[in-house]
Amino acid sequence: MATVELATRMRPAADQPVVVRAVTVTMGTVVGLTFLFGFGNVLNLALRLGVPIWVAPLVAPAVDLSILGLLFGTRHLAIHGATPDQLRPGRRLLIFASLATLTLNIADPIVAETLARPHSTPSAHSCSSVGPKSALDCCRP
């Protein structure tokens with residue numbers, strides 16, 4: 001009798017694929033929206049600083065795709081048994097790339113002086129740095 005109960009508890013729930021799919025779709029949506037916010041912020045910054053129009057749209061995706069590749073790569077290595085010493089360089093690079101993304105995302109409001117005005121309400125620019133901050137939080141050990 002106890003063996004049957006244990007086997008019943010150990011069996012995965014029938015709705016587990018639905019939950020996994022829902023979490024995956026939600027995460028994909030969050031990553032996509034974060035990418036779009038970051039792209040807009042960095043594009044505005046690059047154009048404001050006088051970067052040529054054909055170079056400006058390439059900056060944000062380069063940094064964001066580096067972060068995405070590092071997240072997938074370190075996760076894959078961790079799942080397949082990499083030691084913390086082997087993962088450390090990738091995590092350091094991930095932290096650096098996340099800091100670079102955060103800096104690029106908050107630089108446009110600083111350059112535009114939207115955050116320097118006294119008694120100003122937070123603008124859409126200052127609120128759109130939430131995604132890169134979340135990436136920094138998730139890579140802490």
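The numbers here are math on the coordinates, done by the rules we state, and not lab data. All values reported here derive from a predicted model rather than from experimental measurement. Reconstructed Cβ throughout: ideal geometry from the backbone, glycine too, with neighbour counts over all protein chains shown.
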Q: Calculate, for L47 and A100, the FRET efficiency according to 1/(1 + (r/R0)^6) with r their C-beta to C-beta distance and R0 22 Å; round to the nearest 0.05.
A: 0.75
Q) Using θ = phi - 60° and the Karplus curve 6.51 cos²θ - 1.76 cosθ + 1.60, what whole-Hz ³J(HN,Hα) does each residue of region 90-107 get, with Gly and Pro shown as x? A) x, 5, 5, 5, 5, 5, 4, 5, 5, 5, 5, 5, 4, 4, 5, 6, 8, 5
Q: Please find the FRET efficiency linking L58 to H80, where r is the Cβ-Cβ separation and R0 is fixed at 25 Å, and quote it to the nearest 0.05.
A: 0.20
(Q) I'd like the Karplus ³J(HN,Hα) series for region 64-80: coefficients 6.51, -1.76, 1.60, θ = phi - 60°, whole numbers in Hz, and an x wherever there's a Gly or Pro. (A) 5, 6, 5, 5, 4, x, 5, 4, 5, x, 5, 5, 4, 5, 5, 5, 8
